[in-house]
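Report on one structure; see the data block that follows.
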Amino acid sequence: MTSDDLESMSVLGDPVRRALYRFVAEQGRDVGRNEAAEAAGVQRTLAAHHLDKLVEAGLLEAGFKRLSGRAGPGGGRPAKVYRRVREERSVSLPPRDYRTLALVLAETVDLLGGEEKAEEAARRAGERLAAGSSGAGGAAGLVEVLRGRGYEPYEEEGRVRLRNCPFHVLAESHPLLVCSMNLALCEGMLAGLGETGVAATLDPRPGECCVAFTSSKNNED
C-alpha cells in the first residue's frame, strides 16, 4: 500500500462520491455529467464537483466527447466525460503483499508443468465459493456469486459477461495459466450451484474478463 492509494480510497468516504464512482465504473464506457448526476440523484453542478475530485484522486479519468453521436458542425460541443481508470488500487493495513507471492506461485506452476493440477484446484475452489454463498440458486445465484468476487457481471445479448478480471495482474504475466484456471474456477461455481443450463466459456474481450457464461441450449445451436 502507498500513501497515494490510501489517499485515493479516502475520497470514497463521501456517499455521493461513492455512488458516482460506482455508477461510472459499472457502465464500462464514457459517462457524461448529466447522466451521472441523474443516477446519483444530485444536481449536475454537485456531480461535476465530485466527479472532478475522483479524477484528482486518480480513480476516474476525464476526457471530452460529443454525446450526441453526431460529428461535424451539427454535433454540438464536446462534453466532459468520465470513465474508471485501468490502474489498480489496493489498501491493506498493515501492508500485505499477496501479489508478489501469487506471481511466484504462478511461475512455479509454469516451471513444474502443473497446469492440469492447478485447474483441478481452481475448479474445487469455485465449488467451495458457490457452496458458501447464501443467495438464490440458478442463474441469479451465479450472478450474485460473481458480483461478490469482483467480476462485475452484466448481461449482453443473452450472455453474462464479466466487466472486471479480479486476476488482472497475474493474467498479464501468465495469461494462458491464469485464464485456464479462471475458466475452471467459473466451471466450479456452476457445479457448486447445481447450474446445468449455463456453460462457462473462454470469450476474451479487451479490458474485460476472459470468461463469459452462455445458455447450454445456445451452445448446442
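The values are calculated or read from the model by the stated rules, or taken from the named source; none is laboratory data. None of the values given here were measured: they were computed from a predicted structure. Counting neighbours? That spans all protein chains shown, and the Cβs are built from the backbone with ideal geometry, glycine included. Quick note on the areas: whole protein, heavy atoms, side chains included, nothing else; ligands and nucleic acids left out. Shrake-Rupley method; radii C 1.70, N 1.55, O 1.52, S 1.80 Å.
Annotation note: Cβ proximity below 7 Å between a residue of region 146-166 that is on the phi > 0 side of the Ramachandran plot and open to solvent by 20 Å² or more (accessible area, probe 1.4 Å) and a residue that is assigned to a loop (DSSP other than H, G, I, E, B) and not aromatic (Phe, Trp, Tyr) (sequence gap 6+ or interchain) occurs for 150/164; 150/166; 152/163; 152/164.
Of the residues making up region 102-125, those that are of a type in the set (Gly, Ala, Ser) and either surrounded by 14 or more Cβ atoms within 10 Å (Cβ to Cβ) or under 30 Å from residue 194 (Cα atoms) (or both) are 102, 106, 114, 118, 121, 122, 125.
For region 81-134, the set of residues classified as more than 28 Å from residue 25 (Cα to Cα), of a type in the set (Gly, Ala, Ser) and in a helix (DSSP H, G or I) consists of 106, 118, 121, 131, listed by residue number. Of everything in region 39-66 that is closer than 13 Å to residue 17 by Cα and among the acidic types (Asp, Glu), the residue that is most open to solvent (accessible area, probe 1.4 Å) is 56.
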